[in-house]
1. Among the residues of the stretch 184-205, is there at least one that is out of contact with any helix residue (DSSP H, G or I) (no Cβ under 8 Å at 6 or more places or on another chain), surrounded by fewer than 22 Cβ atoms within 10 Å (Cβ to Cβ) and not in a helix (DSSP H, G or I)?
2. Which condition from (1) touching a residue at least 12 places away in the same chain (Cβ under 8 Å); (2) surrounded by fewer than 24 Cβ atoms within 10 Å (Cβ to Cβ) is the one that ASP65 breaks?
3. Is the stretch 223-234 home to any residue that is of a type in the set (Ser, Thr, Tyr), part of a helix (DSSP H, G or I) and on the phi < 0 side of the Ramachandran plot?
4. State which residue pairs qualify: first residue in contact (Cβ under 8 Å) with a residue 60 or more places away in the chain and under 18 Å from VAL10 (Cα atoms) and inside the stretch 128-141, second residue of a type outside the set (D, E, K, R) and surrounded by 12 or more Cβ atoms within 10 Å (Cβ to Cβ) in any location, beta carbons under 7 Å apart, and separation of 6 or more residues or different chains.
5. Could you count how many residues in the stretch 266-300 are of a type outside the set (Gly, Ala, Ser), surrounded by 18 or more Cβ atoms within 10 Å (Cβ to Cβ), within 21 Å of VAL159 (Cα to Cα) and modelled with pLDDT under 75?
6. Restricting the search to the stretch 56-78, which residues are part of a loop (DSSP other than H, G, I, E, B) and either of a type in the set (A, V, I, L, M) or at positive phi (or both)?
7. What number of residues within the stretch 236-247 are in a helix (DSSP H, G or I) and over 20 Å from LEU278 (Cβ atoms)?
8. Could you tell me whether any residue of the stretch 248-265 is farther than 28 Å from GLY13 by Cβ, surrounded by 24 or more Cβ atoms within 10 Å (Cβ to Cβ), of a type outside the set (Gly, Ala, Ser) and modelled with pLDDT under 95?
Amino acid sequence: MISDLFSLNVLIGILTSGVRLATSYLYAAIGETFGQISGVLNLGVEGIMLVSAYAGYIVVLKTEDPWLGLLAAILVGMVMGVATAFISVTLKADQGISGIGVYLFGLGFSDLLFRVTVKSPQILKGFGDVAIPVLSDLPVIGHIFFNHNILVYGAFLLVPVAWFVLNRTTFGLKIRAVGQNPEAADSLGISVARMRYATLMIGGGLSGVAGASLSIALLNMFQQNITAGQGFIAVALVYFGAWKPYRVMLGCLLFSMVNALQLWIQTLGIPIPSDIALMMPYVLTIVALVFAARSVVTQPAALTKPFERGE
């Protein structure tokens with residue numbers, strides 16, 4: 001019955017699931033925000049998430065240590081971030097096409113490694129839920145916000161950290177400078193290439209955490225295409241959030257809440273075709289991007305534009 005969706009327990013469940021599901025989107029989208037503000041569009045986020053998810057999974061499967069798995073995912077993500085930077089910044093390849101190439105590489109490589117080393121999905125023990133003392137005991141709110149695994153808390157703490165770095169530090173000022181006017185930044189002695197390499201490494205590392213949050217925290221398993229398009233959604237959410245961490249977070253929450261809603265619709269057996277329920281988050285993304293495109297907020301001036309000294 002549709003009325004079941006409005007019961008208190010179900011509403012709490014939807015909100016709790018929404019907060020949890022926002023984790024991977026937040027890490028990936030905040031990482032992509034750094035890259036785009038510096039002038040680089042990385043459509044390979046999905047591929048980085050996939051390879052990092054596998055790296056974290058296989059390390060935890062072999063060592064039973066989720067922290068080592070997380071470290072492995074971050075390192076793999078950063079390496080792929082450097083590879084992306086080399087292609088987009090050093091070789092000055094078309095950022096859209098090269099990003100798709102990184103995605104296809106990540107999709108195929110992660111599946112190949114999985115089939116060779118593991119063969120079939122195996123459940124592992126990853127990061128468990130950590131109830132925050134006192135706060136987790138609060139009625140309703142405590143269960144929704146303060147009873148999750150450590151990566152969920154880290155995702156939301158990342159938002160003010162990213163805002164501070166981008167808006168209150170010299171490093172953030174340089175990032176914005178090379179994304180808005182790389183020629184002027186270069187004339188002031190700021191290395192455009194170095195800054196873009198740095199932001200893509202940051203984005204790669206955070207995409208690595210995003211992938212790990214799926215394989216060793218949320219699902220505790222790995223399978224082919226485990227990300228199911230989340231990297232591409234994260235890129236879209238950066239546009240929706242107008243390159244501002246807090247607005248990106250709101251977009252992630254909006255998308256994840258709709259995703260949680262469609263999962264609960266299927267769980268409760270509400271007579272809505274499953275295909276329509278599965279479409280809901282993606283339709284929302286398209287609608288959100290339409291509204292974002294019509295807003296007055298402008299993107300970083302040098303986004304997707306290679307930089308040549310002396311131009």
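1. yes
2. With respect to (1) touching a residue at least 12 places away in the same chain (Cβ under 8 Å); (2) surrounded by fewer than 24 Cβ atoms within 10 Å (Cβ to Cβ), ASP65 is out only on (1).
3. Start the filter on the stretch 223-234 by keeping residues that are of a type in the set (Ser, Thr, Tyr), which leaves 227.
Checking the rest, the ones that are also part of a helix (DSSP H, G or I) come to none.
No.
4. VAL140/ILE12
5. Going through the stretch 266-300 one residue at a time, the tally reaches 1.
6. GLU64
7. Here the count works out to 6.
8. There is no residue in the stretch 248-265 that is farther than 28 Å from GLY13 by Cβ, surrounded by 24 or more Cβ atoms within 10 Å (Cβ to Cβ), of a type outside the set (Gly, Ala, Ser) and modelled with pLDDT under 95.
The values are calculated or read from the model by the stated rules, or taken from the named source; none is laboratory data. No experiment lies behind these values; they were computed from the predicted model shown. Cβ: placed from backbone, ideal geometry, glycine included. Neighbour counts: every protein chain shown.
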